[in-house]
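The values are calculated or read from the model by the stated rules, or taken from the named source; none is laboratory data. Computed from a prediction, not measured in an experiment: that's the story for all the values here. Cβ placement follows ideal geometry from the backbone for every residue including glycine, while neighbour counts extend to all protein chains displayed.
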Amino acid sequence: MIRLDKLLCHSGYGTRKEVKKLIRSKLVTVNHILAKSDDMKVDEVNDWIEVDGERVIYSEFVYYMLNKPQGVISSTEEGPTKTVLDLLDIPYQNCFPVGRLDKDTEGFLLITNDGALAHQLLAPRHHVDKVYEVHLSNPISSKHIKMLEEGIMIDGNELCKPAKVQVINDRLIHLTITEGKFHQVKRMMIACDSEVTFLKRLSMGPLSLDPNLKTADYRPLTEEEIQLLKNA
Ligand code: URA
């Protein structure tokens, strides 16, 4: 048995606040009877639950896209610094961010409790593309672009896989990398005689940051987006 609001959150009907609103708006039925409270217990396998006439298919996993703001860390550990999980009003306890963004990095962060998918997306052999908007302190030259495209050496002894570079202007590039080394983009830019002044992840694999998500906002992934990620 599981709380109704929790089941609806898990099944992609929104945040806890949003599903409570659905229940209070009399849009949710359990075995064809109007649901009266958020915390009523339902049987996730045998009960017939509908939202606005649509049967709810329960999933034990949740998937959210967060537009990470600066100033929060991508860790799940409790401590004095605010974590990305503090931004999410969801009832599920076992969620974690897939991969890390630095405290001062913004943008696309996937939050889930699906360990198998996270493992698949992070495994180096899967080479999932991550695209970053990178603002630079110094102009980037064609020599640097060639180094990045061929696989740049960072800190003198760590070779990166070839990256893709899209030059927006000489102090702003879109950089595509397939790995997730510690502070990788910042270290790649140091190897290009520059420093990162602003960093934002624009996409991960087949999914791009939803342009409607303001900084610090999040939303559940659609079923189609989940399938795209699973096939990445
Ligand atoms: N590379 C970095 O240097 N920082 C990030 O947050 C992500 C990639």
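For this structure, a couple of remarks:
- In the stretch 143-232, counting only strands (runs of 3 or more DSSP E) that sit wholly within it, the ones holding 1 or more residues that are under 25 Å from ASP86 (Cβ atoms) and touching a strand residue (DSSP E or B) at 6+ places or on another chain (Cβ under 9 Å) span 196-204, 218-220.
- Every condition in (1) in a strand (DSSP E or B); (2) touching a helix residue (DSSP H, G or I) at 6+ places or on another chain (Cβ under 9 Å) holds for LYS36 except the one numbered (1).
- Residues in the stretch 122-142 that are among the aliphatic types (A, V, I, L, M) and not in a helix (DSSP H, G or I): ALA123, VAL128, VAL131, VAL134, LEU136, ILE140.
- Under the condition of being aliphatic (A, V, I, L, M) and farther than 24 Å from ALA232 by Cβ, the residues counted in the stretch 157-190 number 6.
- Test: GLY71 is at pLDDT 90 or above, in the same structural domain as ALA116 (by TED's automatic domain parsing) and part of a loop (DSSP other than H, G, I, E, B): yes
- Scanning the stretch 122-162 for residues that are in contact with a helix residue (DSSP H, G or I) (Cβ under 7 Å, 6 or more places away or on another chain) and within 16 Å of the ligand (Cβ to nearest atom) gives VAL128, TYR132, VAL134, LEU136, LEU148, ILE152, ILE154, ASP155, CYS160.
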